[in-house]
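Have a look at the structure below, then the notes.
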Amino acid sequence: MWEILLHSLRKGVVTAKPAAPLPHDLAPAPRDTAGPIELLGDALRSEIHRLFGRSMKLRHVDCGSCNGCESELQALLNPFYDLQRFGIDFVASPRHADALIVTGPPALHLEEALRLTDEATPRPRLVIAVGDCACSGGFCAGSFATRLGVHEVVPVDVRIPGCPPRPEEITRGLLKALRK
């Protein structure tokens, strides 16, 4: 066994080729340090540090959405926006969350799940409704199977309208929630 381990340590990685170096006349693409997401992110970082002294943990609750808002929430964590560098992270348990981000029109069969998630979240906490469906029912407004927004199930602190809202708008909404 030790011989196999030593052999692979001596030989190195053979499954992947090393990345080709950039040509000498080509510089790496610079990151825009004064873009809107960086400015919003710096403001978020300072508010999070002021309020929590650490990072802010969000728990996402899907109440029956079309997944458009989820795609935009997911984009917040991609390398372009990368909200984790500003101190925001999503957690799997509401017991670890500082805020709930709710998407979709609350379907009647998911009302209890939303209430239980809200009850499991430690106080003080924020509830943020993301997207037209969560804010006012969206295209499902008037349906027999949904409510007219998250506010009919749990109290909402901040509404972020849009179908779906862009990542910059979600970031602005998070900042608004922290400054409330």
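The values are calculated or read from the model by the stated rules, or taken from the named source; none is laboratory data. All figures in this text were calculated on a predicted structure; none of them were measured in a lab. Using ideal geometry, Cβ is built from the backbone for each residue, glycine included, and neighbour counts are taken over all protein chains shown.
Points worth noting:
- For segment 116-150, filtered to residues that are among the polar types (S, T, N, Q) and more than 17 Å from HIS60 (Cβ to Cβ), the residue that is surrounded by the most Cβ atoms within 10 Å (Cβ to Cβ) is THR146.
- For segment 144-164, the criterion of being at pLDDT below 90 and polar (S, T, N, Q) is satisfied by at least one residue.
- Every residue from segment 156-180 that is basic (Lys, Arg) and part of a loop (DSSP other than H, G, I, E, B): ARG166, LYS180
- Residue count for segment 110-131, restricted to those that are part of a helix (DSSP H, G or I) and over 19 Å from CYS69 (Cβ atoms): 5
- Among the residues of segment 93-115, just one is surrounded by fewer than 19 Cβ atoms within 10 Å (Cβ to Cβ) and closer than 16 Å to ASP132 by Cα, namely ALA107.
- Scanning segment 132-155 for residues that are on the phi < 0 side of the Ramachandran plot, touching a residue at least 24 places away in the same chain (Cβ under 8 Å) and in a loop (DSSP other than H, G, I, E, B) yields ALA141, SER143, ALA145, ARG147, LEU148, VAL153, VAL154, PRO155.
- ASP98 meets each of the listed conditions (1) of a type outside the set (A, V, I, L, M, F, W, C); (2) within 15 Å of GLU70 (Cβ to Cβ); (3) touching a Phe, Trp or Tyr at 6+ places or on another chain (Cβ under 9 Å) apart from (2).
- CYS163 meets the conditions (1) crowded, with 23+ Cβ neighbours inside 10 Å; (2) over 26 Å from PHE52 (Cβ atoms); (3) touching a residue at least 60 places away in the same chain (Cβ under 8 Å) in every case but one. The failed one is (1).
- Complete set of residues in segment 1-44 that are at pLDDT 70 or above and acidic (Asp, Glu): GLU3, ASP25, GLU38, ASP42
- Matching residues, segment 44-78, being assigned to a helix (DSSP H, G or I) and exposed (fewer than 15 other Cβ atoms within 10 Å of the Cβ): SER46, HIS49, ARG50, LEU51, PHE52, SER71, GLN74
- Contacts under 8 angstrom Cβ, first residue in segment 102-129 being closer than 17 Å to PHE90 by Cα, partner loosely packed, with under 13 Cβ neighbours inside 10 Å, 6 or more apart: ALA120/SER93; ALA120/ARG95; THR121/ARG95; PRO122/ARG95; LEU126/LYS180; VAL127/PRO155
- Of all residues in segment 79-109 being in a loop (DSSP other than H, G, I, E, B) and among the aromatic types (Phe, Trp, Tyr), the one that is nearest to PHE139 (Cα to Cα): TYR81
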